[in-house]
């Protein structure tokens with residue numbers, strides 16, 4: 001039980017800010033391309049309370065984390081925030097600009113992963129500090145959750161960001177039928193998640209990116 005409580009304390013902040021920054025980034029980039037929907041709703045904010053979904057941001061990640069600690073295996077963290085409202089029709093070039101709005105979320109997670117790597121680097125410079133170990137562990141958790149969210153959201157499945165990017169890049173005659181998958185996308189994702197297929201698909205990619213980040217900063221953790 002103590003291990004679970006300590007794990008929750010370490011993962012809580014990285015999970016909340018990973019999901020928060022992901023959603024806020026969508027709204028910020030949408031504003032740059034002409035859609036002020038998220039801005040007018042007050043959703044381009046660093047305040048996690050504006051983005052937290054009680055189920056997706058707290059309950060689901062918490063349940064999966066506890067389950068991973070109670071069963072054999074590392075488990076797979078998964079969650080979501082309240083989607084930032086984006087009216088693609090308001091974008092100056094809706095189909096083309098959709099690519100950048102969608103890519104903003106995974107891009108924010110990549111930046112956050114690098115930020116947490118810097119926090120580990122900082123922790124290693126002060127080995128005698130009482131904050132060093134908690135900061136390093138939080139940094140490891142931050143890299144983990146942000147890389148997972150980035151890779152997961154880049155899957156070419158509407159309504160994930162990768163699916164919207166595909167809609168933007170594909171010719172109209174293919175893009176519009178492909179976009180019709182969106183109402184079923186979340187169900188497909190859950191089937192992939194709980195069947196274990198999702199981990200098989202994205203697990204190696206997640207591992208490669210984590211290795212790249214820690215190697216880039218010369219970390220050995």
Selection status of residue 5, under 15 Å from the mean Cα position of the chain (by Cα), at pLDDT below 90 and surrounded by fewer than 21 Cβ atoms within 10 Å (Cβ to Cβ) = no
Would you check if residue 38 is surrounded by 13 or more Cβ atoms within 10 Å (Cβ to Cβ), part of a helix (DSSP H, G or I) and out of contact with any helix residue (DSSP H, G or I) (no Cβ under 6 Å at 6 or more places or on another chain)?
-> no
Residue 152 vs. criteria touching a residue at least 24 places away in the same chain (Cβ under 8 Å), within 18 Å of residue 61 (Cα to Cα) and out of contact with any strand residue (DSSP E or B) (no Cβ under 7 Å at 6 or more places or on another chain) = yes
From the list 132, 179, 175, pick out the single residue that is free of Cβ contacts under 8 Å to residues at least 60 places away in the same chain, in contact with a helix residue (DSSP H, G or I) (Cβ under 9 Å, 6 or more places away or on another chain) and more than 25 Å from residue 15 (Cα to Cα).
-> 179
Determine whether residue 107 is in a helix (DSSP H, G or I) and at pLDDT below 80.
-> no
Could you check, for the range 63-83, whether at least one of its residues is modelled with pLDDT under 95, in a loop (DSSP other than H, G, I, E, B) and farther than 26 Å from residue 198 by Cβ?
-> no
Criterion: touching a helix residue (DSSP H, G or I) at 6+ places or on another chain (Cβ under 7 Å) and within 15 Å of residue 80 (Cβ to Cβ) - qualifying residue of 190, 170, 160 = 160
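Hey, among the residues in the range 170-218 that are outside any helix (DSSP H, G or I) and modelled with pLDDT of 90 or more, which one's nearest to the chain's Cα centre (by Cα)?
181
The values are calculated or read from the model by the stated rules, or taken from the named source; none is laboratory data. Keep in mind that this is a model prediction, so the values were computed, not measured. For neighbour counting, all protein chains shown are included, and Cβ atoms are generated from backbone atoms with ideal geometry for every residue, glycine included.
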